[in-house]
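Shown next, in structure tokens, is the structure this report addresses.
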Amino acid sequence: MVKYYKTDDRKIHEEQTIQDGVWIQMVNPSVSEGQMVADMLNVDIEDVLAALDEEESSRIELQDGYTLILVDIPSIEIRHEKESYTTIPLGIILTADEIVTVCTEDTPVLQAFLNNRVKEFSTKKKLRFVYQILYRIAVLYQSDLRIIDKMRTEIEERVGDDTEEVDLIALHELESTLVYFATSLRSNGVVLDRLTRYKRLEQYPEDKELLGDVIVENKQAIEMTGIYRDIINGTRELLSSVIDNRMNSIMKSLTVITVIMAIPTIVSGIYGMNVDSRWVPFATTAHGFAIVCGLIVLVCVIVFFWLRKKRIL
């Protein structure tokens, strides 16, 4: 899908054709759509469709007549029938008169601009537009990181009898997500560092100040990622310990039951030997069977309380 937008009087509206100061938004474009835009702007088709490759890394390339900026943005995907976070590339192409954004999905980063929720937004001020996009990306990372931490807190609150192995799997997935975030944020940081030395387009003082804010927000997102990874690692170790302790308690209980049940087994085994009844206690005594059963129960009770006193049970 390819759409053209332009701002007039701080309001954005859709255009029908490419013109100066227009924003070309491409959402999961086909090859033919990419070729059309590439021909109109005299841009390499591979650069136009670079963001469609999920393996593309963040970078900035200065080409003849245009600049390609690739950054990673957070996205939601379905993993194991549940919503999980990942990162996907967002391509930004700057020409002398137009700006092009390319992404595989309609990301919330750009929806904020379409809904007029960004102050001082103008498609004509291309470099500021780029910085505003990067700022929204850093803010979205922070928002998703807080959601991830909330999910971790919900798992942590279930520590105890409700702890299950599925919680460990969920924590592992959250930790994997944070690894993706950390890698993408560091790559985006490299792009931001190169933009501080970008001289191809004119930068106003407020643009440089905005870029500084973007760098600060990106660094804060990196720090949040590191902190949440450490916390999740500690929570995962806690859950592992709880599950191991629970298993140890079960094994201890089974061992105690085995010890107690061994007593009647031994006695019945002895009484079941094929020997003369004169040598078997209570064999000829009235109610001998009941006496033997009572002694077995008495010994089992004594062993039970002894194990409990020793805190084995």
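Results for (1) under 13 Å from the mean Cα position of the chain (by Cα); (2) of a type in the set (Lys, Arg); (3) in a helix (DSSP H, G or I), shown as yes or no for each residue.
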| site | (1), (2), (3) |
| --- | --- |
| Val159 | no, no, no |
| Ala170 | yes, no, yes |
| Val179 | yes, no, yes |
| Thr183 | yes, no, yes |
| Arg186 | no, yes, yes |
| Tyr198 | no, no, no |
| Tyr228 | yes, no, yes |
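Taken over the stretch 106-158, the residue count meeting the criterion of being under 19 Å from Glu217 (Cα atoms), surrounded by fewer than 19 Cβ atoms within 10 Å (Cβ to Cβ), touching a helix residue (DSSP H, G or I) at 6+ places or on another chain (Cβ under 8 Å) and of a type in the set (S, T, N, Q) is 1. Pairs are defined by a Cβ separation below 7 Å, a sequence spacing of at least 6 or placement on different chains, a first member in the stretch 258-269 that is part of a helix (DSSP H, G or I) and of a type in the set (A, V, I, L, M, F, W, C), and a second member that is open to solvent by 40 Å² or more (accessible area, probe 1.4 Å) and modelled with pLDDT under 85; the pairs so defined are Ile260/Phe304. In the set Tyr135, Tyr180, Tyr131, Tyr204, only one residue is in contact (Cβ under 8 Å) with a residue 40 or more places away in the chain, under 19 Å from Ile76 (Cβ atoms) and not hydrophobic (A, V, I, L, M, F, W, C); that residue is Tyr180.
When the stretch 5-54 is filtered for residues that are among the β-branched types (Val, Ile, Thr), in contact with a strand residue (DSSP E or B) (Cβ under 7 Å, 6 or more places away or on another chain), closer than 15 Å to Thr95 by Cβ and at pLDDT 85 or above, the ones remaining, listed by number, are Val22, Ile24, Val37, Val43, Val48.
Residues of the stretch 240-256 include at least one that is over 23 Å from Ile169 (Cβ atoms), part of a helix (DSSP H, G or I) and of a type in the set (Ser, Thr, Tyr).
Taken over the stretch 271-289, residues that are part of a helix (DSSP H, G or I) and either among the acidic types (Asp, Glu) or surrounded by 11 or more Cβ atoms within 10 Å (Cβ to Cβ) (or both) amount to 3.
If you go through the stretch 66-88 and pick out every residue that is in contact with a Leu (Cβ under 8 Å, 6 or more places away or on another chain) and open to solvent by 10 Å² or more (accessible area, probe 1.4 Å), you end up with 2. With respect to the stated conditions, Gly294 is at pLDDT 85 or above, open to solvent by less than 70 Å² (accessible area, probe 1.4 Å) and in a helix (DSSP H, G or I).
The values are calculated or read from the model by the stated rules, or taken from the named source; none is laboratory data. All figures in this text were calculated on a predicted structure; none of them were measured in a lab. Glycine also receives a Cβ, built like all others from the backbone with ideal geometry; neighbour counts cover every protein chain displayed. These accessible areas exclude ligands, DNA and RNA; they are computed on the full protein's heavy atoms, side chains included. Shrake-Rupley method; radii C 1.70, N 1.55, O 1.52, S 1.80 Å.
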